[in-house]
Amino acid sequence: MTDLYANRYNSRLSRDRQKLKLWRYAGLMLTYRCSAACRFCYYYCRPEAEGLLPIETALSVWTSLRMLAGPAARIHITGGEPFLYFDHLADLLREARRRDLPPLDSLETNGSWATSEIETRQKLRLLRDLDVRELKISCDPFHAEFIDVELIRKLRALAVEILGPDRVRVRWEKYLEHPLSFDALSAADSTALARQILRED
């Protein structure tokens, strides 16, 4: 394989000289379907949304990125809510491993699925065994309209226990410790809070 690190993509060249951009990171949306319907969702994900990324399409992207970036290739899976299709997700991760693709860099979730401790432990152990590097748990006032923050606290505790603290990240931790809600706010205050949160992202 050509060593793309030797390419002059990272040199300071004038605009009239050719450079090759080295892509190292790609995000895959497993589905637009989501257990939440956050008012400022980037992709308008909803419980009624449809679509499921085929495994072969995902693996094609993953393989292409590895060809470009070699061991620096990083894949992120998000949605919608990927855990709504956990068997499909697990099949994808197993096949990626079988093809010797780099481990999944991160997997994003809103945590709504973690209602059974037994099933949550099973799923987290599978992610651990398939070398998922990081579980990102979304936690903010938008998601809190649909998902109880106590559920997120329990998921984080189990994830830290099973995956280890270095492989679990809560976005945004401050809302986990000090939840905010739109419920008691006026329309103006609700809009102001939403703008504040979006600026902080």
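Some notes on this structure:
- Computed over protein heavy atoms with a 1.4 Å probe, the accessible surface of the chain works out to 57 Å² per residue.
- Among 187, 90, 159: highest mean-square fluctuation, GNM of the chain, C-alpha pairs under 10 Å: 187
- Lysine pairs with alpha-carbon atoms under 16 Å apart, the chain, spacing 8 or more or separate chains: 5
- Relative to the longest principal axis of the Cα atoms of the chain, the long axis of helix 149-163 lies at roughly 40 degrees.
- Per the Kirkwood formula applied to alpha carbons, region 121-170 shows a radius of gyration over Rh ratio, Rg over Rh, of 1.00.
- Computed over Cα pairs, the Kirkwood radius of region 80-180 leads via Stokes-Einstein (1.567 mPa s, 4 °C) to a diffusion coefficient of 94 µm² per second.
- Estimated [θ] at 222 nm from DSSP helical runs (n ≥ 4, -39500 (n - 2.57)) normalised by residues in the chain, nearest 500: -12000 deg cm²/dmol
- For the chain, the longest principal axis of the Cα atoms and the long axis of helix 86-98 meet at an angle of about 20 degrees.
- Here the chain is treated as a Stokes sphere of Kirkwood radius computed over C-alpha pairs; at 4 °C and 1.567 mPa s its diffusion coefficient rounds to 70 µm²/s.
- Residue order for 23, 113 - accessible surface, 1.4 angstrom probe, largest first: 23, 113
- Given 12 as the ceiling on other Cβ atoms within 10 Å, longest exposed-site-free region of the chain for GluC sites (Glu not before Pro) in DSSP loops: 51-201
- Relative to the current alpha-carbon distance between residue 196 and residue 178, full extension at 0.36 nm per residue lengthens the span by 4.9 nm.
- Gyration tensor verdict on region 18-79 (Cα atoms; rounded if a/c is under 1.5, prolate if a/b is larger than b/c, oblate otherwise): prolate
- Carbon/sulfur fraction of accessible area - region 59-201, other protein chains in place, 1.4 Å, %: 49 percent
- Degrees between helix 55-69 axis and first principal axis of the chain (Cα, 0 to 90, nearest 10): 50 degrees
The values are calculated or read from the model by the stated rules, or taken from the named source; none is laboratory data. Keep in mind that what you see is a predicted model, and the values were worked out from it rather than measured. Every residue, glycine among them, receives a Cβ derived from its backbone with ideal geometry; neighbour counts consider all protein chains shown. The protein model used for the area step is the full one, side chains on, heavy atoms only, and it has no ligands, DNA or RNA in it. Shrake-Rupley method; radii C 1.70, N 1.55, O 1.52, S 1.80 Å.
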